[in-house]
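Peer 1: For reference, the structure I am asking about is given below.
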Amino acid sequence: MTLVSKDIARAIEFLNAEDVVAIPTETVYGLAGNIYSEKAVKKIFQLKQRPFFNPLIVHLSGPEQLSEVAAELPDKAKKLAESFWPGPLTLILKKKPRVPDLVTSGKETVAVRVPNHPVTLELLDNLDFPLAAPSANPFGSISPTASSHVANYFKEKLSMVLEGGTCEKGIESTIIGFDGEEPVLYRLGSITVEEIITAIGPIQLKTKKEVAPEAPGMLARHYAPNTTTYVVEDVPQFITDHPNQKIGLLLFQKPLEAPNIKAQEVLSRQGVLEEAASRLYAALHKLDKLELDVIVAEKFPDTGMGKAINDRLNRATKK
Ligand code: TXA
Ligand code: MG
């Protein structure tokens with residue numbers, strides 16, 4: 001069994017001994033290790049079964065640690081960091097040579113963020129190194145928003161999950177890189193495009209599904225349950241068209257009734273997209289365990305956090 005505990009001192013011991021610990025963040029849990037330890041970083045890739053071409057995000061204790069790993073800071077990156085850190089924003093910046101190639105998959109850039117979770121901020125404050133941490137799920141599967149999700153995935157292969165409760169945001173960080181001085185949004189996430197535009201003005205979007213992606217969070221099939229999943233505009237029509245299937249529904253506001261609906265998760269009765277986002281992955285984890293024939297998700301309103309929700313739902317579908 002994995003140790004699931006709030007004991008920060010114990011987590012520090014494991015990390016100082018080059019082991020991997022799952023850590024809570026405001027977005028999802030991460031599988032964390034010392035960026036300078038080849039042993040720890042290799043264990044992260046091995047646990048996740050993640051290809052080495054897919055680089056990791058470096059988690060910093062605060063903006064003052066940025067100069068340790070980043071060589072350049074475009075003006076708009078500075079503005080973004082000031083506006084959103086600590087918080088769910090990842091910046092892709094030119095790296096310093098000391099950041100190991102294993103962490104960045106040999107790229108010239110490093111992805112960095114300051115997570116906004118009290119437990120993990122206290123942890124980072126007590127370490128002499130930043131933490132490399134991808135989401136704490138096997139490659140391609142649903143991201144974890146609770147310690148139990150992580151423990152179920154890795155069992156005794158993982159030494160410890162640092163308990164930090166349910167992740168407040170529930171969807172991964174927004175990723176922004178730079179083409180010279182110009183910002184490019186690579187992954188929709190917990191900070192909305194609207195909020196980014198308010199902070200720095202217009203931004204180019206490169207968030208399409210890709211097979212050989214620039215940022216592999218963009219992989220076409222990612223965040224996927226084992227159960228076949230569809231996103232549809234007209235859920236009642238799907239239910240009528242598939243009378244003999246055991247259907248599980250993922251809905252925004254209102255439950256539905258029909259004999260072939262075997263389970264349903266309503267994400268926000270009040271119609272609040274932030275609430276729906278925070279509950280999305282837990283609902284998918286739950287539905288995926290029920291041996292349904294199919295999970296059918298409703299297409300969400302394509303605005304604010306709805307954009308990131310639709311992005312993750314589209315990547316959860318098998319095509
Ligand atoms: O909210 C989050 O970002 C969570 C928590 C744990 O911080 N982390 C997370 O990590 O979602 P991960 O590894 O699942 O996704 C990180 C994404 C990947 O798509 C990776 O390809 C991209 O960031 N990435 C990392 N470094 C990069 C780089 N130098 N250039 C381009 N993309 C990069
Ligand atoms: Mg991930």
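Peer 1: Pick out, in residue order, every one of the trypsin sites (Lys or Arg not before Pro) in segment 1-104 that is DSSP loop and has at most 16 other C-beta atoms within 10 Å; say none if there are none. Don't skip to the end; give the middle numbers.
Peer 2: Details: sites: LYS6, ARG10, LYS39, LYS42, LYS43, LYS48, LYS76, LYS78, LYS79, LYS94, LYS95, ARG98; in loops: LYS6, ARG98.
Answer by residue number: LYS6, ARG98.
Peer 1: To the nearest 10 degrees, how steep is helix 305-316 against the longest Cα principal axis of the chain, on a 0 to 90 scale?
Peer 2: 80 degrees
Peer 1: Ignoring chymotrypsin sites (Phe, Trp or Tyr not before Pro) that are buried or in helix or strand per DSSP, and keeping those with at most 12 other beta carbon atoms within 10 Å, what is the longest stretch of the chain between them?
Peer 2: 54-319
Peer 1: Does anyone have the angle between helix 38-48 and the longest principal axis of the chain? Alpha-carbon axes, 0 to 90°, nearest 10?
Peer 2: 0 degrees
Peer 1: While we're on this one: In whole percent, how big is the carbon plus sulfur part of the accessible area of segment 92-159, probe 1.4 Å, protein atoms only? Mind showing how you got there, number by number?
Peer 2: Details: 1290 of 2660 Å².
Taking all protein chains in place, segment 92-159 shows 48 percent carbon and sulfur surface.
Peer 1: Using only alpha carbon pairs under 8 Å that are at least six residues apart, calculate the relative contact order of the chain and give it in whole percent. Intermediate values should be presented prior to the final figure.
Peer 2: Numbers: 699 pairs, mean separation 62.5, N = 319.
Reported relative contact order: 20 percent.
Peer 1: Ignoring everything except DSSP H segments at least 4 long, calculate the 222 nm mean residue ellipticity for the chain; use -39,500 (n - 2.57) per segment, divide by total residues, nearest 500.
Peer 2: Mean residue ellipticity, 222 nm, calculated: -8500 deg cm²/dmol.
Peer 1: Turning to a different aspect of this structure: Within segment 49-87, list the residues whose amide N lies under 14 Å from a label point set 7 Å along Cα→Cβ of ILE200.
Peer 2: Residues passing the 14 Å test: 72-85.
Peer 1: Moving on. Against the longest alpha carbon principal axis of the chain, how many degrees, from 0 to 90 and to the nearest 10, is the axis of helix 75-84 turned?
Peer 2: 60 degrees
Peer 1: Keeping every protein chain present and rolling a 1.4 Å probe, give me the accessible area per residue for segment 140-294 in Å².
Peer 2: 47 Å²
Peer 1: Separate question: Could you tell me the ratio Rg/Rh of the chain? Both radii from Cα atoms, Rh via Kirkwood. Present the calculation step by step, with values, prior to reporting the outcome.
Peer 2: Working: Rg = 19.4 Å, Rh = 19.9 Å.
Rg/Rh: 0.97.
Peer 1: Is segment 223-319 best put as rounded, prolate or oblate by its Cα gyration tensor, with a ≥ b ≥ c the root eigenvalues, rounded for a/c under 1.5, and otherwise prolate when a/b is larger than b/c, oblate when not? Present the calculation step by step, with values, prior to reporting the outcome.
Peer 2: On the way: a/c = 1.61, a/b = 1.37, b/c = 1.17.
Prolate, because a/c is 1.5 or more and a/b exceeds b/c.
Peer 1: Now for a separate question. Under a crude label model (7 Å from the Cα following the beta-carbon direction), how far is ASP293 from ASN16 in nanometres?
Peer 2: Simple spin-label model gives 5.7 nm for this pair.
Peer 1: Please compute the Kirkwood hydrodynamic radius of segment 76-211 from all pairs of different C-alpha atoms, in Å with one decimal.
Peer 2: Its Kirkwood hydrodynamic radius stands at 16.5 Å.
Peer 1: If we restrict to alpha carbons, what Rg and Dmax does segment 1-152 come to, in Å?
Peer 2: Final numbers for Rg and Dmax: 14.4, 47 Å.
Peer 1: Still on this structure: Report the net charge of residues surrounding THR303, where surrounding means a beta-carbon distance below 14 angstrom and charges are Lys +1, Arg +1, Asp -1, Glu -1.
Peer 2: -3
Peer 1: Could you give the semi-axes, largest first, of the ellipsoid that matches segment 41-114, computed as the square roots of 5 times the alpha carbon gyration tensor eigenvalues and rounded to whole Å?
Peer 2: Semi-axes from the Cα gyration tensor: 23, 13, 10 Å.
Peer 1: In what sequence, highest mean first, do 144-150, 67-73 appear when ranked by Cβ atoms within 10 angstrom?
Peer 2: Order by mean packing, descending: 144-150, 67-73.
Peer 1: Another question, then. Amide H neighbours of VAL4 under 5 Å, at least 5 residues apart or on other chains, H built in the peptide plane: list them.
Peer 2: Close amide H contacts, sequence-distant or interchain: VAL161.
The values are calculated or read from the model by the stated rules, or taken from the named source; none is laboratory data. If you're wondering where the values come from, they're calculated on a predicted model, not measured in any experiment. Methodologically, a virtual Cβ is constructed for each residue, glycine included, from the backbone with ideal geometry; neighbour enumeration extends over all protein chains shown. Just so you know, the surface numbers come from the protein's heavy atoms only, side chains and all, with ligands and any DNA or RNA stripped out. Shrake-Rupley method; radii C 1.70, N 1.55, O 1.52, S 1.80 Å.
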